[in-house]
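Please read the structure below before turning to the comments.
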Amino acid sequence: MLDKSTYREALLQRLKLLDARLHAIETELDAPKSRDWEELAVEREGDEVLEQLGHSGELEIARIRAALGRLRDGSFGLCTSCGEQIAADRLDILPETPVCRSCAAQMS
């Protein structure tokens with residue numbers, strides 16, 4: 001039997017961490033830019049990296065919110081593709097995962 005409260009707490013902690021990280025990224029992206037062309041070019045490259053990190057964070061937040069929804073509706077731990085139980089060791093590593101190993105392998 002899955003200890004869903006442990007997974008819920010892990011998901012909420014990760015959500016909190018990602019929220020703080022996204023706020024830090026937004027602050028950095030909104031910071032004034034240099035007037036020097038060379039420094040501006042370096043800053044723009046850095047901004048591109050930050051934007052990608054922000055996008056990845058937003059996608060992970062969506063996966064976490066979906067997992068929290070599955071916890072609420074009672075379907076957490078069941079593969080959304082085949083309906084089988086997701087292995088606890090997989091959930092321990094990726095508590096937001098919606099699919100079992102077999103279905104994940106078929107998707108890649």
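Read-outs throughout are calculated quantities, based only on the coordinates presented, and are distinct from any laboratory measurement. Values in this document were obtained by computation on a predicted structure and should not be read as measured data. When we count neighbours, we look across all protein chains shown, and the Cβ atoms used for this are built from the backbone with ideal geometry, even at glycine.
If r is the Cβ-Cβ distance from residue 81 to residue 20 and R0 is 25 Å, what FRET efficiency results, to the nearest 0.05?
0.20
Report the residue, chosen from 88, 31, 66, that carries the largest GNM mean-square fluctuation when the chain is represented by alpha-carbon nodes joined by springs under 10 Å.
31
At 7 Å along the Cα-to-beta-carbon direction for both residue 56 and residue 6, put a label point, then send me their distance in nm to one decimal.
Each label point is offset 7 Å from its Cα along the Cβ direction, giving 2.8 nm.
Against the longest principal axis of the chain, how steep is helix 4-30, in degrees 0 to 90 to the nearest 10, with axes from Cα atoms?
Between helix and principal axis, roughly 10 degrees.
Among 5, 81, 108, which comes first, second and so on when ranked by fewest other beta-carbon atoms within 10 Å?
Least crowded to most crowded, the residues run 108, 5, 81.
Convex hull volume of the Cα atoms in the chain, per residue, in Å³?
105
Take residue 33, project a point 7 Å from its Cα along the Cβ direction, then tell me which residues of the stretch 47-75 have their backbone nitrogen under 15 Å from it.
47-51
Helix 37-73 versus the longest principal axis of the chain: what is the Cα-based angle in degrees, 0 to 90, to the nearest 10?
Once rounded, one gets 20 degrees.
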